[in-house]
Every structure is written in C-alpha cells, then in structure tokens.
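The structure under discussion appears below in the form of structure tokens.
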Amino acid sequence: MNKIVAKGGNELKGEVNISSAKNSVLPIIAASILSSGKCVIENAPMFEDVFVISSVLESIESNVFIDKDTNKIIIDSSNVLNLQPDMDLVKKMRASFLIMGPMISKFGSFKISFPGGCNIGTRPIDLHLKGFNALGADISIGHGYVEAKATSLKGNKIYLDFPSVGATENIMMAAVLAKGETIIENAAEEPEIEDLANFLNKMGANVIGAGTDTIKIIGVKELKGTIHKPIYDRIEAGTFMIAAAITRSKIKINGINEEHLKPIIAKLNEMNVDIDVIGESILVNAKKELKPIDIKTMPYPGFPTDMQAQMMGLLCTVEGTSFITETIFENRFMHVPEMKKMGANIKIDGRNAVIEGVDKLTGCQVRATDLRAGAALILCGLAAEGTTEITDIYHIDRGYVNIENKLKRLGAFIKRIDK
Ligand code: UD1
C-alpha cells in the first residue's frame, strides 16, 4: 500500500508555488462540454480528480488531451453522442455530478449514477435537481441512477435553500443555453464560482453577478471554444500556511489571491501568526507563541470547511483550549480518531470539537480518511516527535499536486513509499 512517511522537528524555509484550484478546474472541465469548439485549460493541476473527470468526459466521447509536460488540457466535445457516462468512473468522484448541468443544457438529457467521492456526510444533490426541474427538466430517480430529460430549458428564478457550491455551478451551467433569463438567489459566493462564470463568459455566455449571492444568466444560442487559466488553489495555499504555522517556521507562498485567503489570514493573525502579502505571494511567519482560537466553518467568505482538518491539526499543538464548529458537513471529523492516535486531546460533541493543546504529538501509523483529513495528518506528522506513516494516501493524491515534494523542498523530512 502506498504511504507517506514524515518525521517531525524540521523547520521549514524557502518558497513554494501553488497550483490551480481543484474546485475551479473540475467544473471548468465539465463546462467545456457546452462548447462547440476546442477549450484549452492552462496551468491545469495534474492530480487524480482531474484525470477522473477527464475520463468521465471521454466516456461520453469527448476528446480530451492531457499534456503533462505543459500542464495543458485540450477538450473537444463537439462530437459527443453518448449521453450516459461510465458508471464506475462517476462513482469514483463526487464532482462528476458537475457534468449534469452542461449535459442537460446542451443535449437536453443525461443519465448518471449517483456520484461518489469523499465520505464526509450524505452530500445529497436535491438542490441541483430542483434547479434543473425549475428550468423545465423532468427528473426521475431509480436503480441508483438520476435521469433528466428536457425538450427545451427555459430561464426561471431559483432560490437555493442553502448556498451549495455544486448546485450553484450546475444550475449556472444548465442555464447558459436556456431560453431567457435565470436568476439564482442565495447562490454560493465561492471564488471558484466566479472563475467558472468567467470561463463561461469567455465561451460566449452571459453570466452576471457570480461571486455574489444573486447570479443572473441570460441564455445564449451557442458557446464557442476558449482558453482559460484557472485561479490559484486557496485551499492548497491555506494548507501550506498551516504547514508553516505547525512547524513554527517562516515561508513564502507564491500564487495566492489575498481576497480569497482573508478568512484563513484572519484566523492565523488571531493566533499570533505574522502574515505579509506582497502581490501574489504571502509570507507566513509563525515564530511567536501561538494562541488558541474558536472557528466556525461557513460558506464563503466564512472560514472554509476544506481547511477545518488542517486547522484542527495546528490547534492540537497550541497551548490552551480551542473550539471548532463544523456547520457545512455533518460527518467531517473523521480525522479526529487519527489525530488522537498521535496524542491529540480532542473531544467531539455532534458538530462541535473542543481541542486542548498538547505539549507534543507523537508519530505513529494513521489513515487518511478523506482528502483534507489526509493533508492535515501530514501536517501533524511534520510537528510530531518521531515518524508518522500516513496510509490511504490516494485520498491526498485526488487533490494535491506533489504535496510531499513541495514540502521536501521547504526542508521537511517527508517521503512517499510506493508499493
Ligand atoms: C464543494 C467543494 C468541496 C467543499 C464544499 C463546501 C467542489 C468540487 N467541491 O463541494 O471541496 O468542501 O463545496 O465548500 O467544488 N447539499 C444539499 N443538497 C444539495 C447540495 C448540497 O443538502 O443538493 C448540502 C451538502 O450535503 C453539504 C452542503 O450542502 O452539507 C454543502 O455542500 P456543497 O456546497 O454543495 O458542496 P459541494 O459542491 O459538494
């Protein structure tokens, strides 16, 4: 079984470059189905989820060329005939559901198995389906499949009960070729949604207000090919900010957007971490004594749930009592038993965690239970006494490009063992 081995105690130094955002590139690859021409995605991150969603597209006969040397993905969906993507591939990754919107929009039909992905809660897709229904699609569910059919989609006003990222994106993509005007209210405001809207608009769509809670989409007849470079990954950047903090180091992170990192910067500042932003780089200096804090995960611009596990790892090493409330997913504390194996003092009560900082974490064998939990365990390993072995690292490979090499270049003792 592949694993990552980390030894704690090394101070980190130097610079690290951030890749493009996982949560941008996945919907953007899905959205390229809408185009009648070629789409080129530049600076694409080469991790597993990108390969899986590309294979999902290939399973409906899109032509996808991934150039790992230049980090480019070229997609031509002009000849798609098969409207039923491969079931096994779809099950591999929750983000596969992002092809529903483009498919109903362009072909008026899809049949897809319920998607898989990180096991961090039930993660239903009711809001996506309600949105498609409001645009005129008939939805049927049965035998593990969701099927949608529409003779033509027509714009409508859609209020989301919860600002779901995926539902906002899917409805936006479904509406771009619909007749008339669609308004999504209580839309998710994540930067990746704005990035997707920019990509759609470059293809010829008319999307206004993405990045706010009200998005207006005026349907157009056709979308053409385009070239796009997705935004930087704010969660990868946040993970490296915590890497600096948990090892009480000073590092420079290149490839950031200060606006997108505000919720993470604010919390690290509160803990006494010094942060300086210089253009698209950020200096993180955690040499002072750190203080415990309270965190509640919230939709953007609140503190991201995708940084909760990493932040918890850090708080385990900070003297005093910290509190974390997870409001987005109901089962996102699966890293806690693993951190406890390392000596962490964490108590869970429903969606609340109480963290008492300990003098030291101790290395042992732990299991990555999902993508961000896996990253958090690596970070704990960098701070722990002795050797930490992280297994089930396929979760980590889904959404980080070479995390161990990037950390090694910063001076961490870390290696991957492929068996
Ligand atoms: C996206 C991100 C993921 C991040 C999450 C929240 C991608 C590819 N993934 O996931 O990294 O953790 O946003 O920031 O962008 N919900 C419903 N019904 C629905 C849809 C969602 O009840 O139809 C609930 C979910 O169960 C969850 C909450 O809404 O409790 C948030 O989910 P959502 O924002 O949809 O997350 P994803 O788009 O799956």
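Readers should treat all values here as calculations from the given coordinates under stated rules, not as data from a laboratory. Note that the structure is predicted; figures quoted are calculated from it, not measured. Here Cβ is always computed from backbone atoms with ideal geometry, including for glycine, and neighbour counts include all displayed protein chains.
Observations on the model:
- Seen from all directions on average, the chain presents a Cα convex hull projection of 18.3 nm².
- For a label point 7 Å along the Cα-to-beta-carbon line of ASP161, residues of the range 121-153 with backbone N under 16 Å: 122-134
- Amide H partners (placed H, <5 Å) of ILE295, local residues excluded: PHE323, ILE324, THR325
- Calculated FRET efficiency for the pair ASP213/SER78, C-beta based, R₀ 60 Å, to 0.05: 0.95
- Taken about its Cα centre, the chain carries a charge dipole of about 420 debye when Lys and Arg each add +1 at the Cβ and Asp and Glu each add -1 at the Cβ.
- Approximate spin-label separation MET298-GLU356, in nm, with each point projected 7 Å along Cα-to-Cβ: 3.0 nm
- Cross-link check: pairs LYS252/LYS291; LYS13/LYS267; LYS111/LYS216; LYS267/LYS419 evaluated at a Cα-Cα cut-off of 32 Å; pairs beyond the cut-off: LYS267/LYS419.
- For the range 292-302, 3J(HN,Hα) per residue [Karplus equation, 6.51 cos²θ - 1.76 cosθ + 1.60, θ = phi - 60°, Hz, x = Gly/Pro]: x, 9, 10, 9, 10, 6, 8, x, 4, x, x
- Counting only residues at least eight positions apart within a chain, or on another chain, the aspartates and glutamates with an alpha carbon under 15 Å from that of LYS408 are GLU11, GLU15.
- Ignoring aspartates and glutamates fewer than eight residues from LYS154 along the same chain, the ones with Cα atoms less than 14 angstrom from its Cα are ASP138, GLU181.
- Annotation for CYS364 and ASP126: the two label points, set 7 Å from Cα along the Cα-Cβ direction, are 3.9 nm apart.
- The spacing between the range 136-214 and the range 1-63, judged by their C-alpha centroids, is 22 Å.
- Cut-off under 5 Å, modelled amide H: who pairs with ARG367 long-range: THR391
- Shape of the range 22-228, Cα gyration tensor, a/c cut at 1.5: rounded
- Spin-label model distance (nm) - VAL277 vs GLU330, 7 Å beyond Cα toward Cβ: 3.6 nm
- Taking 0.36 nm per residue of separation and subtracting the current Cα-Cα distance, fully stretching the chain between ASN285 and ASN402 would add 39.8 nm.
- Among 33-42, 165-174, 375-384, the peptide with the highest mean count of other Cβ atoms within 10 Å heads the list, and the full ranking is 375-384, 165-174, 33-42.
- Summing charges over all other residues whose Cβ lies under 9 Å from the Cβ of ARG372, with Lys and Arg as +1 and Asp and Glu as -1, gives -1.
- Taking the DSSP bridge list for the chain and keeping only pairs wholly inside it, about 75 percent are antiparallel.
- Segment ILE139-ASN345, length gained on full extension (0.36 nm per residue, minus Cα span): 69.5 nm
- Amide H contacts of ILE227: VAL40, each under 5 Å away and 5 or more positions distant or on a separate chain (H built 1.01 Å from N in the peptide plane; Pro and chain starts excluded).
- By other beta-carbon atoms within 10 Å, ranking ASP67, ASP49, ASP86 with the fewest at the front produces ASP67, ASP86, ASP49.
- Peptides ranked, highest mean first, by Cβ atoms within 10 Å: ranges 276-289, 17-30, 337-350: 17-30, 337-350, 276-289
- For ASP418 and ASN206, the difference between the fully extended length at 0.36 nm per residue and the C-alpha to C-alpha distance is 71.6 nm.
- Each Lys or Arg adds one and each Asp or Glu takes one away; over the other residues whose Cβ falls under 11 Å from the Cβ of LYS22, this sums to -3.
- Summing Lys and Arg as +1 and Asp and Glu as -1 over all other residues whose Cβ lies under 14 Å from the Cβ of SER55 gives a net charge of -3.
- FRET efficiency for GLU222 and GLU15, using Cβ-Cβ distance with R0 set to 41 Å, rounded to 0.05: 0.40
- Neighbour-count ranking [beta-carbon atoms within 10 angstrom, fewest first] of THR327, THR388, THR226: THR327, THR226, THR388
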